Amino acid sequence: MTLPNVAYFSMEIAMDQSLSTYSGGLGFLAGSHMLSAGYLQMPMVGVTMLWSYGYYDQRIDHSGNVEVAYIRKYYDYLTDTGIVVDVDTFGEKVKVKAYRVEPELFGTCPVYLLTTDIDGNSDWAKSISHKLYDGNEKIRIAQETVLGVAGIRVLQAAGYNFDVVHMNEGHALPAAFELLRQYNGNLEEVKKRTVFTTHTPVAAGNEVHWVDTLLEGGFFAGASRETAIQLGGENFSLTVAALRMSRIANAVSQLHGLVANKMWEWVDGRCPIRAITNAVNLHYWQDQRMHGDKTLDQLLAAKREMKEELFKYVANVAGKRFDPDVLTITWARRFADYKRAWLILMDKDRINKLLEENKVQIIFAGKFHPDDVMGKEMFNKLLNRSHTLKNVVVLPGYELQLSGMLKRGTDVWLNTPLRPFEASGTSGMSANANGAIHLSIYDGWAVEGTFNGINGYTVEYPGLDDEMPWEERHWKDHECLMEIIENQIIPTYYNNKQEWARLMRQAIRTSEAYFNSDRMVIEYYNRLYAPIAHDDCSAGEKKKEMNITETPTFDAWTYSNIK
């Protein structure tokens, strides 16, 4: 089989700490996708934006609160392609210039970076590519228009003959509309070439804008208002339209596949949604001290060494000295309310006892959206509380380098989302690869990759999906979480080091065996880009041809209580 040429569109891609083209998990995942595509020599290119100020720089100000800062970035190692294309957005003809990340730079496939911050554009047009996820709605729409419409035009100007356009989230949807324009409104021709990944069931992650605002922004690449409404509604949903304009879509874990299919089952004319579980690039994320056939004692020694390296950084940034012989728990991810950074601290007396007795040390890190008042307030509350708590720190500036350091230097990687809102929670996979034990709510990838007492721990109890007030759910999750920490994790860590090392080894093996983006990219090719059972005949005919009557169902994956 000849593999199709794929163009992977993503608003953010994290390829290297030095290149500020990402905000968090979506970018980390896209970076792993690009790295594995490069490593496997797959026929793929990436398309993203070149952000003049990155996402934002996070630091602590003189009053002891978090500060959002924007610092202009300059790069001298990108290839100037010489390609400039025009895009119409909000009444302006905006010039878009393309740079390229060459494969030998970071080990990725080629990645095109788009910028409007060039001579010849107005100040407003230049600002389109200033800040990732700008809070101004018009700029945000213009960013998506540039990514999708200009991205297609840049690839064509570069002579890259793509067979498949992969929209990683709805941000890249204008790419499908640009194809619709080029195919004279023939939606079926667009569908043949377009696939889509949906990343979250959270409402804020499924963007909606009034159709006329998008029309002004050039989002539809010339398609009529009526066509746009037919695809995404008058209050236009990017996710709904993407499902209607794609041949096939995917969710990012097996559980998320069930959630997404239930969530979007009302959408007439939507494409099938398959589940392809996220993964991480082990060549990038895994420390070599954790790779290979290590003895249990070697794993313990390497972990202590990595903790000492992390704690030097902690002392320098936060002024607290952590002990490498004390169980260290890390919560590090985006500061969104449903991820519940505060869950482990709910019962002050209970957690304070463990902290005061030097049974645990806790590290928090992560970024919030700069316009997310609640996220910023949550960060500041935790930060200010950490100043008076023994063995607790909150670290600013959660980017690739710090993320890697935390995953290497922690004992327990904590994941506390409100089920079923965490589509994947991919960071725990790279933590596992470095011998950190995953302690997670039974959600996202943990459902299929974290096994109690074998390679980690999950928060499960009778009535897990019963309807109950959120406050009651928080306390129930907290109680179960603390029971696991107090009665399983702490005794094992301090009293049975060989068993702890065995857990570490199984976590590493699980990550290496399946949660590796080399596997993920191959699966994308086989199930999304060039489906093995596609085109020749319908799914029903294919089943008949292969003598399959029914698809087996497994009780372990039943999730009938999703509303």
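Quick rundown of the values:
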{"read-out": "Kirkwood-based Rg to Rh ratio, the stretch 282-515, C-alpha trace", "value": "0.93"}
{"read-out": "Karplus-derived 3J(HN,Hα), 6.51/-1.76/1.60, for each residue of the stretch 160-166, Hz, glycine and proline x", "value": "8, 8, 7, 9, 9, 9, 9"}
{"read-out": "Placed amide H near V392: partners under 5 Å, 5+ positions off or other chain", "value": "I362"}
{"read-out": "Those lysines that a straight Cα-Cα span of less than 21 Å connects to K307, excepting residues fewer than 8 apart in one chain", "value": "K294, K320, K359, K390, K407, K497"}
{"read-out": "Cα-based helix-to-principal-axis angle, 373-386 vs the chain, degrees rounded to 10", "value": "20 degrees"}
{"read-out": "Sequence-separation-based contact order of the stretch 287-357, relative, with Cα cut under 8 Å and 6+ spacing, percent", "value": "15 percent"}
{"read-out": "Percent of alpha-carbon pairs separated by more than 46 Å within the chain", "value": "13 percent"}
{"read-out": "Trypsin sites (Lys or Arg not before Pro) restricted to the stretch 377-435 and DSSP loop, no more than 14 other C-beta within 10 Å", "value": "K390"}
{"read-out": "Spatially proximal lysines relative to K262 (Cα-Cα < 21 Å; intrachain offsets below 8 disregarded)", "value": "K563"}
{"read-out": "The stretch 282-515: relative contact order in percent, alpha carbon pairs under 8 Å with at least 6 residues between", "value": "22 percent"}
{"read-out": "Protection proxy ranking of 138-150, 65-77, 223-235, 411-423 - average other beta-carbon atoms within 10 Å, highest first", "value": "138-150, 411-423, 223-235, 65-77"}
{"read-out": "Greater than 26 Å apart at Cα, pairs in K381/K476; K138/K339; K93/K376; K126/K339; K95/K138", "value": "K138/K339; K93/K376; K126/K339"}
{"read-out": "Dimensions in Å of the stretch 32-78 - Rg and Dmax from alpha carbons", "value": "16.7, 51"}
{"read-out": "Positive-end extreme of charge dipole, the chain - chosen from W500, F28, M374 (charges on Cβ)", "value": "W500"}
{"read-out": "Sequence-distant residues sharing a close amide H with I437 (under 5 Å, placed H)", "value": "V412, W413"}
{"read-out": "Dimensionless Rg/Rh of the stretch 124-269 - Kirkwood Rh, Rg from C-alpha atoms", "value": "0.95"}
{"read-out": "For N516, residues with placed amide H under 5 Å, excluding near neighbours", "value": "V280"}
{"read-out": "Size of charge dipole - the chain - debye, nearest 20, with Cβ of Lys, Arg +1 and Asp, Glu -1, no other charges", "value": "780 debye"}
{"read-out": "Sorted by Cβ density within 10 Å, fewest first, the residues C271, C109", "value": "C271, C109"}
{"read-out": "Furthest towards positive pole of dipole, A204, W51, N452, structure part the chain, Cβ charges", "value": "N452"}
{"read-out": "Karplus 3J(HN,Hα) series, Hz, for the stretch 124-141 with 6.51 cos²θ - 1.76 cosθ + 1.60 (x for Gly, Pro)", "value": "5, 5, 4, 5, 4, 9, 6, 10, 4, 6, 4, x, 6, 4, 5, 5, 4, 5"}
{"read-out": "Taking the chain and dividing mean pair separation by its residue count, relative contact order in percent (alpha carbons under 8 Å, at least six apart)", "value": "14 percent"}
{"read-out": "Bridge type composition, the chain - antiparallel percent by DSSP, nearest 5", "value": "30 percent"}
{"read-out": "Karplus (6.51, -1.76, 1.60) ³J(HN,Hα), θ = phi - 60°, over the stretch 434-449, in Hz, Gly and Pro reported as x", "value": "10, x, 8, 7, 7, 10, 9, 4, 6, 8, x, 5, 4, 4, 10, x"}
{"read-out": "Kirkwood Rh and Cα Rg combined as Rg over Rh, evaluated for the stretch 74-135", "value": "1.01"}
{"read-out": "Kirkwood Rh in Å, taken over the stretch 124-176 so that all alpha-carbon pairs contribute", "value": "11.8 Å"}
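All of the numbers you see were taken from the coordinates with simple rules; none came from a lab. Computed from a prediction, not measured in an experiment: that's the story for all the values here. When we count neighbours, we look across all protein chains shown, and the Cβ atoms used for this are built from the backbone with ideal geometry, even at glycine.
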